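The structure appears below as structure tokens.
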Amino acid sequence: MTIYNFSAGPATMPDPVIAQIKQDLPSYNDSGMSVMEISHRSELFEDIIDQAEKDLRELLAIPDNYHVLFFQGGGTLQFTTIPLNLANKYHRIGLLDSGHWAERAGDEAKRVNVKVDVLNSTKADHYTKLPILKDLTQDTYDYVHITTNNTIEGTAYSTVPDTGATELVGDMSSNFLGQQYNIKDFGLIMAGAQKNLGIAGLTLVIVRDDLIGKVKNLPSMLDYQLFAQKNSMFNTPPVFAIYAAGLVLKWLKQQGGVPEMERRNRKKSSLLYDFLDASKLFTAPVQKPDRSLTNVPFVTKDADLDAKLIAEAADVGLLNIKGHRSVGGMRASLYNAMPYEGVEKLVNFLDKFEKNYW
Ligand code: PMP
């Protein structure tokens, strides 16, 4: 039975990447050492990290005046490091509250004594649509924080808010490399790797060079300037996660890059949304223009039936379609590595389920 893993993260990886890891695992590049055993100061690893950065720059057309930094600590640590490094003039940021992860970003900024103004929120609508930015008339924010794709609620900005002279910071964790954005629209982008870029343990930060190095005496592990100076090797980096990300990036290039991924993600998500919209049993709660290409929440409005569906889906190899504990229902994550056939199988299953229980 073919297994399709709809987990929101850690998430499914491309089959050829898993095959390559399997092949490389005992002896990387005929070195007689596993990639898990090589020094981060070795030429073998320097090639891996340099090539990964080069491929990422090519795939996202990252301008030369942006640094690419490889961090640990997940997206959550970036909720701390971003305000510590960037909120250095007004000590105040604007936040578009689009859901759980935006709220978490705000909470962590407050913990490092940064004031957080919620510029708009769609909490009252249960986050079934995106908060838009009303006019930013004052330049009194160090930056505005948005979550480009809301992993739990299933919304995504297809065009980013215009913040004028104020910097825009994007948490791109769940649609990084899956949907096209212009890097220049952002002062900083961050993304955890475990959705579209490989495995947990690695977080990417892309930051414009004039924004960093302004705060003195930050703890070393939280200092973007130090990471930039040391090529992300201030200490031992997550060697295996960077190696895996490198393989995913290579695969992405072979597949046609981000435009092709976005085309596929649109096709996959449309197949599922069209089915859900036509269904009498299922509802996709997010309003159409704001729907995510990568995370599709849906419900039957009957929690017992949801539980039955999730169990029956698992029996036929459709794994991890349970919604986030905060919203319930179901969620299918359709990241880059999810093939169209997986979504077809899911839709066929949902159709059969509806005929049986409706
Ligand atoms: N931001 C978004 C959009 C996320 O989806 C997640 C994790 N699911 C995070 C941040 C937090 O990431 P981590 O668990 O790597 O800290």
Any hit, the stretch 198-211, residues being more than 16 Å from the ligand (Cβ to nearest atom), of a type outside the set (Gly, Ala, Ser) and assigned to a loop (DSSP other than H, G, I, E, B): no
Evaluation of residue 144 against (1) out of contact with any Phe, Trp or Tyr (no Cβ under 8 Å at 6 or more places or on another chain); (2) aliphatic (A, V, I, L, M); (3) more than 15 Å from residue 90 (Cβ to Cβ) (one fails), failing number: (3)
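In the list 202, 272, which residue meets the criterion of being closer than 17 Å to residue 179 by Cβ and in contact with a helix residue (DSSP H, G or I) (Cβ under 9 Å, 6 or more places away or on another chain)?
272
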Any hit, the stretch 146-159, residues being aliphatic (A, V, I, L, M), touching a residue at least 60 places away in the same chain (Cβ under 8 Å) and either in a loop (DSSP other than H, G, I, E, B) or buried (at least 23 other Cβ atoms within 10 Å of the Cβ) (or both): yes
Of all residues making up the stretch 241-278, the number that are out of contact with any strand residue (DSSP E or B) (no Cβ under 7 Å at 6 or more places or on another chain) and among the hydroxyl-bearing types (Ser, Thr, Tyr): 2
Scan of the stretch 166-197 for residues that are within 11 Å of the ligand (Cβ to nearest atom) and part of a strand (DSSP E or B), ordered by number: 170, 171, 190, 191, 192
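Quick one: would you say residue 128 is out of contact with any Ser or Thr (no Cβ under 6 Å at 6 or more places or on another chain) and either part of a helix (DSSP H, G or I) or at positive phi (or both)?
no
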Scan of the stretch 214-234 for residues that are in contact (Cβ under 8 Å) with a residue 12 or more places away in the chain and closer than 21 Å to residue 45 by Cα, ordered by number: 221, 227, 228, 231, 232, 233, 234
Single match in 228, 200 (criterion: surrounded by fewer than 24 Cβ atoms within 10 Å (Cβ to Cβ), more than 20 Å from residue 266 (Cβ to Cβ), in contact with a Pro (Cβ under 6 Å, 6 or more places away or on another chain) and not polar (S, T, N, Q)): 200
Test: residue 115 is at negative phi, without any contact (Cβ under 8 Å) to a residue 24 or more places away in the chain, out of contact with any Asp or Glu (no Cβ under 8 Å at 6 or more places or on another chain) and away from the ligand (no atom under 16 Å from the Cβ): no
Selection within the stretch 264-295 - within 18 Å of residue 353 (Cα to Cα) and either buried (at least 20 other Cβ atoms within 10 Å of the Cβ) or not charged (D, E, K, R) (or both): 271, 272, 273, 275, 276, 278, 279, 281, 282, 283, 284
Any pair with Cβ under 6 angstrom, 6 or more apart, that starts in the stretch 308-337 at a residue that is closer than 17 Å to residue 357 by Cα and ends at one that is assigned to a loop (DSSP other than H, G, I, E, B): 310/321; 313/321; 329/323; 330/321; 330/323
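Taken together, the values in this text are just the output of simple stated rules run on the coordinates, not laboratory data. All of these numbers come straight from a predicted model, not from anything done at the bench. FYI the Cβ positions are ideal-geometry reconstructions off the backbone, even for glycines, and counts take in every protein chain you see.
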